[in-house]
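Note sheet for the following structure.
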Amino acid sequence: MGKKVKYLINSHYHGDHVFGNQVFSDTTIISTYVTERMCKEKNKIEDYEKEKLDMNHYLFQLKKQIDSTEDTIIKASLINQYQEMSKVLEDLSQLQIVLPSMLFEEKLTITGADRTVELYCLGGGHSPSDTFMYLPKEKIAFMGDIVTEDLHVPIYNPEDFLSILKRVKQIDISKIVPGHGNVSDLALCDTLIEYLSLITHLAKEAIQNKLPLEEFASGFAIPIEYREWKGVNGIKANLTTIYTYLQKAKKSTF
């Protein structure tokens, strides 16, 4: 206790995972090359007043959604998002984007006096580049948003997402710390593999049957095991992402 933080890991570029970098500006901040580039491109604030206006507009739209949504799970997710983004707006004038200073591609090992830490990037499932941290001695993995609990976590690439989760399952892990949720074990990976596999299968069927995206998403009956999962857009955002991804992949083969 009381030791100075030596390394800070950015699992991916999303604001809820990197906006705290400024507190650790005198620390070695580590990420992949892709995450560093995405932080630079997506999180840069060039015009404070415009950013403030955009955020106020976003919050206004969120409030409208909260007032009009009857689904209690989605409403709770929207309220949580509204509260988080309101705090970001409050601190916007003080926000400094501090970029990672140590970069890697697929694997980085840090060896200390008492333990070894391994950083892995097996691709981009939730974001274009997702890093997780593994402690081989303790068999604990800090998964970023590659693994979450009871959450319709946004998907960047469904094929990579499934591939990453399946490769994670081959690692000797006893405890998983998800990006959002409670400490668990590899059963969380199984849950997400089943979730992604199901909606991918159903999206493929819809495309084969030439069912338009709007009909597919609006007519989708959420399986009971996912009905309590949170997420600002619920499962429908992921249905849209996967359907669109598969449709583009199909067209590119012709």
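The values are calculated or read from the model by the stated rules, or taken from the named source; none is laboratory data. Computed from a prediction, not measured in an experiment: that's the story for all the values here. Using ideal geometry, Cβ is built from the backbone for each residue, glycine included, and neighbour counts are taken over all protein chains shown. What goes into the accessible areas is simple: the full protein's heavy atoms, side chains included, and nothing from ligands, DNA or RNA. Shrake-Rupley method; radii C 1.70, N 1.55, O 1.52, S 1.80 Å.
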Q.
So in segment 20-45, with the set limited to residues that are aliphatic (A, V, I, L, M) and open to solvent by less than 30 Å² (accessible area, probe 1.4 Å), which one is farthest from THR109 (Cα to Cα)?
A. MET38
Q: Select from segment 81-111 the residues that are under 21 Å from the mean Cα position of the chain (by Cα), of a type in the set (S, T, N, Q) and open to solvent by 40 Å² or more (accessible area, probe 1.4 Å) and list them in ascending order.
A: GLN81, GLN83
Q: Only helices (runs of 4 or more DSSP H) wholly contained in segment 1-77 count here; list those with 1 or more residues that are within 22 Å of LEU119 (Cβ to Cβ).
A: 15-18, 33-42
Q. Which residues, taken from segment 234-254, are hydrophobic (A, V, I, L, M, F, W, C) and either open to solvent by 90 Å² or more (accessible area, probe 1.4 Å) or on the phi > 0 side of the Ramachandran plot (or both)?
A. PHE254
Q: Output yes when any residue across segment 58-80 is hydroxyl-bearing (Ser, Thr, Tyr), in contact with a Leu (Cβ under 6 Å, 6 or more places away or on another chain) and surrounded by 13 or more Cβ atoms within 10 Å (Cβ to Cβ), and no when none is.
A: no
Q | Unique match (being of a type outside the set (D, E, K, R), surrounded by 15 or more Cβ atoms within 10 Å (Cβ to Cβ) and modelled with pLDDT under 95) among GLY231, GLY219 | A | GLY231
Q) Can you pull out the strands (runs of 3 or more DSSP E) entirely within segment 114-193 that have at least 3 residues that are surrounded by 15 or more Cβ atoms within 10 Å (Cβ to Cβ)? A) 116-121, 131-135, 140-142
Q: Output the number of the condition that LEU202 fails; it satisfies all remaining conditions of (1) among the aliphatic types (A, V, I, L, M); (2) over 21 Å from the mean Cα position of the chain (by Cα); (3) within 25 Å of ILE79 (Cβ to Cβ).
A: (3)
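Okay, residues lined up against (1) under 14 Å from ASN238 (Cβ atoms); (2) in contact with a Ser or Thr (Cβ under 9 Å, 6 or more places away or on another chain):
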residue	(1), (2)
VAL153	yes, no
PRO158	yes, yes
HIS201	yes, no
ASN209	no, no
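Results for (1) in contact (Cβ under 8 Å) with a residue 24 or more places away in the chain; (2) within 22 Å of the chain's Cα centre (by Cα); (3) under 24 Å from GLN81 (Cα atoms), shown as yes or no for each residue.
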| site | (1), (2), (3) |
| --- | --- |
| LEU213 | yes, no, no |
| SER218 | no, no, yes |
| ILE222 | no, yes, yes |
| GLU225 | no, yes, yes |
| GLY231 | yes, yes, yes |
| GLY234 | yes, yes, yes |
| ASN238 | yes, yes, yes |
| ILE242 | yes, yes, yes |
| LYS251 | no, no, no |
Q: Could you please let me know if LEU211 is among the aliphatic types (A, V, I, L, M), open to solvent by less than 80 Å² (accessible area, probe 1.4 Å) and in a loop (DSSP other than H, G, I, E, B)?
A: yes
